[in-house]
Amino acid sequence: MPNPRGPHARDQGERGTWLVESCGGALGPPSFVGWHMCGVIDTWKTMPGKAGAQHQGLMTVRGTYYPEMERAVQDISKRMYRIAAGGRQQADATQGMIRSHRRTGREP
C-alpha cells in the first residue's frame with residue numbers, strides 16, 4: 001500500500017503489534033464499552049477520494065487476510081475479558097498478548 005491513512009508501520013507485523021498494544025490499554029478502563037474494526041479490507045489507490053491516502057484493513061483488496069493482523073485480532077479476542085477484568089490480570093494479559101504477537105508476528 002503506497003500511502004496508507006494514519007501511522008505508517010514498516011510492515012504488517014508492526015501494524016499487528018500496534019493493534020495489540022493499543023487494545024491492551026483501551027480494554028482495561030471500566031468506562032470502556034467495546035470496539036469495532038472499521039475497514040476490514042484495504043481500499044484501492046484508484047478508488048475515488050483515496051488517491052491521497054488509503055484505508056488499511058485486515059485483508060488485501062483481493063480478500064486475502066494479512067496473517068499478522070489476523071493473529072493480532074485473535075490474540076485480542078482471546079484475552080479481552082481478562083484485560084477488562086482489570087488489576088493485575090489486565091497487565092498480565094496485555095503483556096502476554098504483546099509477547100505472543102511479537103513472537104509469532106516476526107517482530108524484532
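Side notes on the structure shown:
- Summed over the range 8-54, residues that are touching a Phe, Trp or Tyr at 6+ places or on another chain (Cβ under 8 Å), modelled with pLDDT under 75 and assigned to a loop (DSSP other than H, G, I, E, B) total 1.
- The set of residues in the range 71-85 being surrounded by 16 or more Cβ atoms within 10 Å (Cβ to Cβ) and either over 17 Å from residue 15 (Cβ atoms) or not basic (Lys, Arg) (or both) consists of 72, 73, 75, 76, 79, 80, 82, 83, 84.
- Applying the set (1) at negative phi; (2) at pLDDT 75 or above to residue 63 leaves exactly one unmet item: (1).
- Summed over the range 26-45, the residues that are hydroxyl-bearing (Ser, Thr, Tyr) and farther than 23 Å from residue 59 by Cβ give a count of 1.
The values are calculated or read from the model by the stated rules, or taken from the named source; none is laboratory data. Fair warning: this is a prediction, and the values are worked out from it, not measured in the lab. A quick note on method: Cβ atoms are made from the backbone with ideal geometry, for glycine too, and the neighbour counts reach across all protein chains shown.
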